[in-house]
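Step one of this worksheet: look at the structure below.
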Ligand code: ITT
């Protein structure tokens with residue numbers, strides 16, 4: 001069984017990734033490898049931040065594959081903001097609700113055709129031989145006029161994927177995972193892992 005450490009403190013994200021990777025992979029969370037504390041995401045790109053998280057954890061788990069993901073929501077009308085700053089869009093210690101409220105306020109009155117947005121995920125993997133690989137996934141869509149739905153996390157209540165009539169938060173996890181930015185990045189990553197290991 002392949003052992004992968006997920007370098008994330010975000011439980012929603014960890015649940016999605018482990019579902020996508022499937023049963024042949026044993027996932028270790030940060031508490032399970034004895035990693036405590038916050039990792040400061042000081043990078044200017046998603047790839048830099050994903051690598052910062054993976055590197056911070058690698059020394060704690062020798063011999064294991066380390067995987068991290070950094071995700072950003074890029075809104076056309078806001079010149080691709082919040083992007084790499086998606087987690088703290090509404091300020092330090094803000095909640096998902098604060099971020100969604102701020103986004104909806106900034107887009108108040110903006111026409112539907114100008115509400116385009118992209119969710120982008122970068123997955124960084126550090127292999128036990130110290131080799132580093134980066135994988136990407138994205139999905140286009142638009143920002144709704146109000147929050148809807150109870151599933152998922154983060155900006156899911158305001159993001160409507162292209163060709164859909166509901167937000168990510170109105171989809172159960174299988175439905176979101178079948179089309180999401182994270183699924184695409186993790187699937188690319190899984191292909192990279194398969195090229196190295198027979199799983
Ligand atoms: P880690 O750094 O511990 O992995 P995080 O919550 O800081 O977790 P990111 O920096 O990757 O995660 O993501 C930034 C924010 O983007 C995150 O806090 C959510 O608000 C949002 N986000 C990420 N993935 C999302 C998804 O699939 N659906 C909705 N919002 C998402």
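Values in this text are rule-based calculations from the coordinates and carry no lab data. These figures come from a predicted structure and were not determined experimentally. Note that we place each Cβ from the backbone using ideal geometry, even for glycine, and neighbour counts take in every protein chain shown.
Observations on the structure shown:
- Model label sites at residue 88 and residue 19, defined 7 Å from Cα along the beta-carbon direction, differ in position by 2.9 nm.
- When 189, 94, 59 are sorted by how many other C-beta atoms sit within 10 angstrom of their C-beta, beginning with the fewest, the order is 59, 94, 189.
- Taking 0.36 nm per residue of separation and subtracting the Cα-Cα distance, full extension of the segment from residue 36 to residue 151 would add 38.7 nm.
- Relative contact order of segment 112-199, defined on C-alpha pairs under 8 angstrom at six or more residues apart (%): 28
- Note on the chain: antiparallel DSSP beta bridges, both residues inside, total approximately 80 percent of the bridges counted.
- Förster radius 25 Å - calculated FRET efficiency between residue 162 and residue 196, Cβ distance, rounded to 0.05: 0.15
- In this entry, segment 33-146 is assigned a mean projected area of 7.8 nm², taken as a quarter of its C-alpha convex hull surface.
- Cα long-axis angle, helix 11-21 against the chain (0 to 90 degrees, to the nearest 10): 60
- Nearest-ten-degree value, helix 46-58 long axis tilted from longest Cα axis of the chain: 30
- In this structure, residue 26 and residue 80 have a Cβ-Cβ separation that, at R0 = 35 Å, corresponds to a calculated FRET efficiency of about 0.45.
- Residue exposure sequence - 183, 67 - by fewest surrounding Cβ within 10 Å: 183, 67
- Crossing angle, helix 181-196 versus the chain [Cα axis fit, 0-90 degrees, rounded to tens]: 20
- Cα centroid separation, segment 85-145 to segment 1-60: 18 Å.
- The equivalent ellipsoid that matches the C-alpha gyration tensor of the chain spans semi-axes of 30, 18, 14 angstrom, in descending order.
- Label-to-label distance, residue 48 versus residue 101, with points set 7 angstrom from Cα along the beta-carbon direction: 3.1 nm.
- Theoretical gain in end-to-end length, residue 55 to residue 111 [0.36 nm per residue, Cα-Cα removed]: 16.0 nm
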